[in-house]
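> Take this structure, written in structure tokens, and hold onto it; I'll ask about it next.
Taken together, the values in this text are just the output of simple stated rules run on the coordinates, not laboratory data. No experiment lies behind these values; they were computed from the predicted model shown. Heads up, the Cβs are rebuilt from the backbone with ideal geometry, glycines too, and the neighbour counts pull from every protein chain shown.
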Amino acid sequence: MLETTHKHLIIGAGFIGLGMAESLKTANIPYDQVDASDDIGGNWYHGVYETAHIISSRKITQFTHFPMPDEYPDFPSAKNMRDYLNSFANYFSLRQNIELNRKVIYVRPIDENLWEVTFENGEQRIYKGVIICNGHHWSKRFPQFQGEFNGEIIHSKDYKAPQQLSGKRVLVIGGGNSACDVAAEAARVGAKSVLSMRESVWFIPKTFVGVPVSDLIKWWVPEWLQRFTAYLIILLTFGSYKNYGLPKPNYRIFDKHPTLNNEVPYYIKHGRITCKPEVRRLDGEEVEFVDGSRESFDLIVCATGFHVAYPFLAPELQRVEGSTVKCYGGSFLEDYKGIYYLGWSQARGGVGSLVSAFAPIFARFLKLQDEINIPMGLVFKEMGQQLPKSHLEDPQNIFRELKLVNLFFNRIVKKAHQVDSHYSNFRNIPLSPLAKKVLSN
Ligand SMILES: Cc1cc2nc3c(=O)[nH]c(=O)nc-3n(C[C@H](O)[C@H](O)[C@H](O)COP(=O)(O)OP(=O)(O)OC[C@H]3O[C@@H](n4cnc5c(N)ncnc54)[C@H](O)[C@@H]3O)c2cc1C
């Protein structure tokens, strides 16, 4: 039997899981790490199409303390990203703590504020805490369609290579980054490419004057100035939406996760992508749109996003509302200690710079959690922190808050001990074990 009660378990060895592992290792916090897949890298290993390139620039996507190789382009490919994460894991000797092909199927609090983790092969281990880095780009969200379609319907998650689109009449549903990538690929290799958007989106060019736009819009300037810069760049690059036969988007830029794409406007201008409004119904090989127009297709790709999901948690620990996880400080619950939800929010910008700033602070909070009896989330609540209302995050706010936390960490420690003294009887409420039936399946 492995002795794991003094350790945390990190679920997931994708970008965020690896970043957290490095931070725990540096802080001398004992941990194990598991991943359901047969290799590390998460999405960049098994989750994205082979032609994917990041949309945030390499500069803001790399871990700040581990730059990507000089020969990488401004927008590295999925393979570049995967190689980079492998070098990161090797450089910081993270592999020795990682077990692959190790899917977690159930996590529950037990007596003594410990956590029982059940793996797919039936093995169970007891941990001091569980750090959930299972990603949020895997639980497919599909639209509800009226009618029947004779062709094939897939989710963008199931799109892996251009051959799937080759010679086909393709309808892509959605206005996000994946939708635009797939529509542009269909414009190149398909017989037809139609993009159906419920509403017009702001297309932000990936570069302006030869520089990645995500490097031009500085996170440290006020949000209104970030928006103004983005509008100006869009206007100077694409001009008016009328030029593309599209209505002007009716939301403020950044009120939705940004779409960074030059190719869709480019292919609209070449007549290789046509934009349509929302789908009204499917009818054999035809699709009817809400403007009454109809077209025939072979393939529908639903680039309609993902649910944030924790299938291995009991209902009492399901805190997802919409796409937002109701936890304090981005990760902490007020009523359970030892469970942490990471990487569920959608921050503008690149993942690495955010993880580099957040992970060392998270490690300090784990150490502080050891000093007190109550959950860190309760401390944040008593300090007046609100639960998040949205999964969208302005990186400016995140970096500013993290700076403040660093600056005033001693005060937070003091407050944590004060609040702790008021709840001396706190204990995690144990939850029931997984039904034997499920375990034997
Ligand atoms: C097409 C596309 C383009 C993107 N472009 C960008 C970009 O430009 N910039 C950017 O910053 N981000 C981008 N992203 C977001 C991307 O998801 C993040 O960069 C990053 O991969 C998130 O890392 P993660 O560790 O949270 O999740 P993941 O990479 O999804 O890793 C989660 C890991 O957890 C494992 N896991 C899940 N459940 C279990 C379980 N029950 N037991 C054990 N292991 C489990 C999975 O196998 C996986 O390896 C893009 C995403 C997509 C889909």
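> Packing-wise, with mean Cβ within 10 Å as the measure, how do 338-345, 125-132, 224-231 rank, highest first?
Values: 338-345: 23.9, 125-132: 21.8, 224-231: 15.2.
Packing proxy ranking, top to bottom: 338-345, 125-132, 224-231.
> For Gly151, what charge total do you get from the other residues with a beta carbon under 15 Å from its beta carbon, if Lys and Arg give +1 and Asp and Glu give -1? Numbers along the way, then the final one.
Working: positive: Lys168, Arg169, Lys192, Arg281, Arg294; negative: Glu148, Glu152, Asp158, Asp283, Glu285, Glu286, Glu288, Glu295, Asp298.
Summing Lys/Arg as +1 and Asp/Glu as -1 gives -4.
> Out of the DSSP beta bridges found with both residues in the chain, what percent are antiparallel (nearest 5)? Before the final figure, lay out each step's value.
On the way: 26 of 64 bridges.
The antiparallel fraction comes to roughly 40 percent.
> Could you state the angle between the C-alpha long axis of helix 395-407 and the longest principal axis of the C-alpha atoms of the chain, as a value from 0 to 90 degrees rounded to the nearest 10?
That helix lies at roughly 20 degrees to the long axis.
> Taking the Cα centroid of the range 2-62 and of the range 143-166, what is the distance between the two, rounded to the nearest whole Å?
30
> Hey, what angle do you get for helix 223-238 against the long axis of the chain, alpha-carbon based, 0 to 90 degrees rounded to 10?
So the inclination is approximately 30 degrees.
> Can you check what the net charge comes to around Tyr31, using other residues whose Cβ is under 10 Å from the Cβ of Tyr31 (Lys, Arg +1; Asp, Glu -1)?
Numbers: positive: Lys7, Lys25, Lys128; negative: Asp32.
Result for the neighbourhood of Tyr31: +2.
> Additional query: Comparing Ser139, Ser23, Ser93, which has the greatest mean-square fluctuation in the GNM of the chain with Cα pairs linked when under 10 Å apart?
Of Ser139, Ser23, Ser93, the Gaussian network model singles out Ser93 as fluctuating most.
> Mean 1/r over all different Cα pairs, inverted: what Kirkwood radius does the range 142-304 give, in Å? Don't skip to the answer; put the middle values down first.
Working: mean 1/r = 0.0608 Å⁻¹.
For the range 142-304, inverting the mean 1/r across all distinct Cα pairs yields 16.4 Å.
> At a threshold of 8 angstrom on Cα-Cα distance, excluding pairs fewer than six apart, so keeping six or more, what relative contact order does the chain reach in percent? Before the final figure, lay out the partial values.
Numbers: 846 pairs, mean separation 90.7, N = 441.
For the chain, the relative contact order is 21 percent.
> Show that you can apply the helix-only estimate: for the chain, add -39,500 (n - 2.57) for every DSSP H stretch of four or more residues, divide by all residues, and state [θ] at 222 nm to the nearest 500. If you can, show how the numbers build up before the last one.
Working: 12 runs with 129 residues, N = 441.
So the helix-based figure for the chain works out to -9000 deg cm²/dmol.
> Here's something else I'd like to know. How high is the relative contact order of the range 142-304, given as a whole-number percent (alpha carbon pairs under 8 Å, six or more residues apart)? The partial results should precede the final answer.
Working: 308 pairs, mean separation 66.0, N = 163.
The normalised contact order for the range 142-304 reaches 40 percent.
> Using only the Cα atoms, work out Rg/Rh for the chain, with Rh taken as the Kirkwood radius, to two decimals. It would help to have the intermediate numbers written out before the result.
Values: Rg = 23.2 Å, Rh = 23.5 Å.
Ratio of gyration radius to Kirkwood radius: 0.99.
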